[in-house]
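Okay, so here's the structure we're looking at.
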Amino acid sequence: MKTVNIGIIGGGLMGREAASAFGRWFALKDFPVRVRLTAVCDLNEGILSWYKQIDSVSLLTTDYRELINSDEVDVVYIAVPHNLHREIYLDILRAGKDLLGEKPFGIDQEAAETIAAEATKLGRFVRCSSEMPFLPGPQRVIAEVQSGRLGRIFEIRSGFLHASDMNAQKPINWKRQSQYCGEIGVMGDLGMHALHVPLRLGWKPSKVFAQLQKIITERPDGKGGMAVCDTWNNATLSTQVDINGEQVPMQLEMKRLAPGETNTWYIEIYGTEGGVRYSTKDTKAFWQFTNGAEQWWKRTDLGFQMPFETITGGIFEAGFPDCFMQMIAAYVAEREGLLNGKFGCATPEEAVDSHRIFKAALLSQESGSFVDVSFPSTLVI
Ligand SMILES: NC(=O)c1ccc[n+]([C@@H]2O[C@H](COP(=O)([O-])OP(=O)(O)OC[C@H]3O[C@@H](n4cnc5c(N)ncnc54)[C@H](O)[C@@H]3O)[C@@H](O)[C@H]2O)c1
């Protein structure tokens, strides 16, 4: 069986999540490719030392160039602050490696376009991280839309909600500072998650009206003082998409101050014949609407029906580590040409499209009006 050697750049929150997925790869049933985590890079020695417990890791380094030049690395998973995406993603590609890059895939549209164009030019296999659609609920949502059973779709809502920033005493970190996180703020953190399924279904907004909010503008700096928190906390985007010639409203919510919402990803799609609803807040529940003389919302408790079969029992519930692992499995399978029609990771084109929407949202916030979003068909990527 083929083995793909993986390196991680950025060993923090998401680097460790990826390492945990590689570490239990055997949970995937009859998966045609093995993965082996061989190298990790982080600037922080304390973080690097956590990886010493993983036997397959032979290179721990604070210099990412050492990792990308290693013969023991075929693919890089990269999870670093957004201001570093452009430079490090480009260096990985130029070193001849493929990559699974964390969102937002560049601090802004220009960075995302540059990375995508370089990947195309060099013929590298590149995808952008967005794991939530790999849960059973979103997979059912997608299947129902594609079946045509919803009739004429007239409304879409998609969002990702966090609550931890409700705590005004939470110390500042790079995600709350524009110079590291990007001018797009919360949209860069949560936007790709909200847009992955709509974009995959072909719903690219032609217009955006944005309500962006800076609610908490300073936070403890962790050293006894206060630091400026200059990123957008919350974004509510009213957009319009063309579905079979009809203009349909699509609302996108990305919020760091959403009372009580720990990590709530949701999508709701309504049509004249039926509807579908899913939220991670009630992880197992998949809701389907049936129109008729009496109107019904039917709840189904989903089990472990993941895109890639695992040894986990079918009645058990799926969670964050599971969808994250499924996303990586999709990356590896697609890279080998073995996706076989299953749902694939977000593409560089989708990441660039998400940035087009975020950029239009910034312009809309400035002008207080709807802004057109253009998706050039001749995009050179
Ligand atoms: N897919 C998801 O659900 C999800 C969730 C959270 C964050 N993210 C994304 O993952 C990325 C990282 O976020 P995080 O939450 O893991 O952040 P983090 O701060 O926990 O980790 C980032 C790590 O990068 C390291 N780093 C910084 N500069 C470096 C360099 N030059 N070379 C090597 N390492 C360096 C830091 O020391 C840190 O350990 C971001 O793009 C973020 O948007 C994705």
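Some values worked out for this structure:
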{"item": "The range 21-67, residues that are in contact with an Asp or Glu (Cβ under 6 Å, 6 or more places away or on another chain) and assigned to a helix (DSSP H, G or I)", "result": "48"}
{"item": "Residues satisfying the stated conditions in the range 171-184, i.e. assigned to a loop (DSSP other than H, G, I, E, B) and within 21 Å of residue 107 (Cα to Cα)", "result": "172, 173, 177, 182, 183, 184"}
{"item": "Residue match in the range 149-159 (condition: under 18 Å from the mean Cα position of the chain (by Cα), assigned by TED's automatic domain parsing to the domain that holds residue 253 and either modelled with pLDDT under 95 or within 30 Å of residue 220 (Cβ to Cβ) (or both))", "result": "yes"}
{"item": "Residues satisfying the stated conditions in the range 91-141, i.e. of a type in the set (Phe, Trp, Tyr) and surrounded by fewer than 23 Cβ atoms within 10 Å (Cβ to Cβ)", "result": "125"}
{"item": "Meets criteria (within 15 Å of the ligand (Cβ to nearest atom), more than 19 Å from residue 335 (Cα to Cα) and touching a residue at least 60 places away in the same chain (Cβ under 8 Å)) for residue 48", "result": "no"}
{"item": "Hey, residue 144 crowded, with 17+ Cβ neighbours inside 10 Å and modelled with pLDDT of 95 or more or not", "result": "yes"}
{"item": "Failed condition for residue 18, given (1) of a type in the set (Gly, Ala, Ser); (2) more than 10 Å from the ligand (Cβ to nearest atom); (3) assigned to a helix (DSSP H, G or I)", "result": "(2)"}
{"item": "Counted residues, the range 208-252 - those being assigned to a strand (DSSP E or B) and either more than 21 Å from residue 271 (Cα to Cα) or among the polar types (S, T, N, Q) (or both)", "result": "20"}
{"item": "Count of the range 60-107 residues which are more than 13 Å from the ligand (Cβ to nearest atom), touching a residue at least 60 places away in the same chain (Cβ under 8 Å) and touching a helix residue (DSSP H, G or I) at 6+ places or on another chain (Cβ under 8 Å)", "result": "4"}
{"item": "Some residue of the range 289-299 being within 18 Å of the chain's Cα centre (by Cα) and under 21 Å from residue 142 (Cβ atoms)", "result": "no"}
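The values are calculated or read from the model by the stated rules, or taken from the named source; none is laboratory data. This structure is a prediction, so every number in the text was calculated from the model and none was measured. Cβ coordinates were reconstructed from backbone atoms using ideal geometry, including for glycine residues, and neighbour counts include every protein chain displayed.
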